Structures are given as C-alpha cells and as structure tokens.
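The values are calculated or read from the model by the stated rules, or taken from the named source; none is laboratory data. Just so it is clear, the structure is predicted and the values come from calculations on it, not from any experiment. Here the Cβ positions follow ideal geometry from the backbone for every residue, glycine too, while neighbour counts run over all protein chains shown. All accessible areas refer to the heavy atoms of the entire protein, side chains included, with ligands and DNA or RNA removed. Shrake-Rupley method; radii C 1.70, N 1.55, O 1.52, S 1.80 Å.
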Amino acid sequence: MRGIEPEDWEEFKRFDQDSGVQRNADMVHPPRSDAGYLQWAEEQSLRKPENDEFQLAIEALENDTLVGALSTNGASRRAGRFSFGIAIGRNFHRRGYASDALVVLLRFMFAERRYHKAEAGIYGYNQASIALHESVGFQHEGVLRDHEFLDGAYQNMVLMGITAEEFSERHMRR
C-alpha cells in the first residue's frame, strides 16, 4: 500500500467505469471529467490523515501496478474501533491483493495504533467480500435488512467484525 499520487487519476477513472466494482465498494457515482479525476487525485495526494482516517492505493508488489484502494473511516479512539472499505479493480480480482492489504491494515491499526476492533459493512449480495472477510477471521455480527438502495432494490448490509485478539491469534508473529 502507498499514498495516492496525482498520476493515479487514470487508473481510478478506469476503476470507476466498472459499475459492478463501484456498487460492491460503495455505490455508483456519476461520471466526472478527466480534470475532475486529476483534481481528486491531487487532493488525495496532499491530504493528511486525520483521526486515523486515510485512503491508500493498493499496488501489486511484483510490478507496481495500481490494483485498488483501501480507506479507513469511523475511527473512534474512545471506543477502540474503526471501519474500513476496500475495492480491487475487476482485472485484479482473486489474486490475493485484498486479503494481503487487509492483513497489513489490521496489523497496523491493531499493533501500532492500539485499536481493539475492526468493523466492516458488506452488501449481502457480495459473497466474494464476505468470504474474504471470513478467511481473514472476521465474525458475522448481524444484518441490517433493506439498508441501502442499489441497483434498483433495497439491499441487506452484513455486519462483520474482528478484534485485535482474534486477529493476533491468526496473523501476528509470536
């Protein structure tokens, strides 16, 4: 993972042109101009993390190709928890990029920033993301029924979480 650079704008534009990837990550956004993408990437490249909320590019180690992005949100030091989102471009699915990036993020947030719990909200139809989170050790915590309107219908939101202790048992060096 790395910071977003201004020259990443073209790859983010390509990712956004895939409404399926957009819908799995968040929602379908209206198109924007090349200048709008460049401005967004420039702003992201200069943005300082605040309150442990940040957005990072996910890059393939073998060839430095931008494959997706990850962001944290809803970080609460008082409560000891944070949420995150992750999206991988369709051409890079099922290659381990999401699980690798997620483990790195969790290791940082738990072992360096002292958070106790990570939470994820995943659309019920996104079985690949649910399986990814299960493989990392996330537990099902509930379902918000008919929570978001996407693709012409209300969708369930599956709530999943993992504690620092659960993560450490599976992923931390002893």
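So the values come out like this:
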| quantity | calculated |
| --- | --- |
| Surface accessible to a 1.4 Å probe, V103 within the full protein complex, Å² | 30 Å² |
| Cα gyration tensor shape of the chain, rounded if a/c is under 1.5, else prolate or oblate by comparing a/b with b/c | oblate |
| Among M157, A41, S135 the positive-end extreme of the charge dipole of the chain (Cβ point charges) | S135 |
| The stretch 90-142 - percent of accessible surface contributed by carbon and sulfur, probe 1.4 Å | 45 percent |
| Average accessible surface area per residue within the chain, 1.4 Å rolling probe, Å² | 59 Å² |
| Carbon + sulfur, % of accessible area of the stretch 32-88 - ligands and nucleic acids excluded, 1.4 Å | 44 percent |
| Part-to-part distance (alpha-carbon centres) for the stretch 53-71 and the stretch 81-138, which is given in Å | 13 Å |
| Solvent-accessible surface ranking, highest first, for L61, L132 at 1.4 angstrom | L61, L132 |
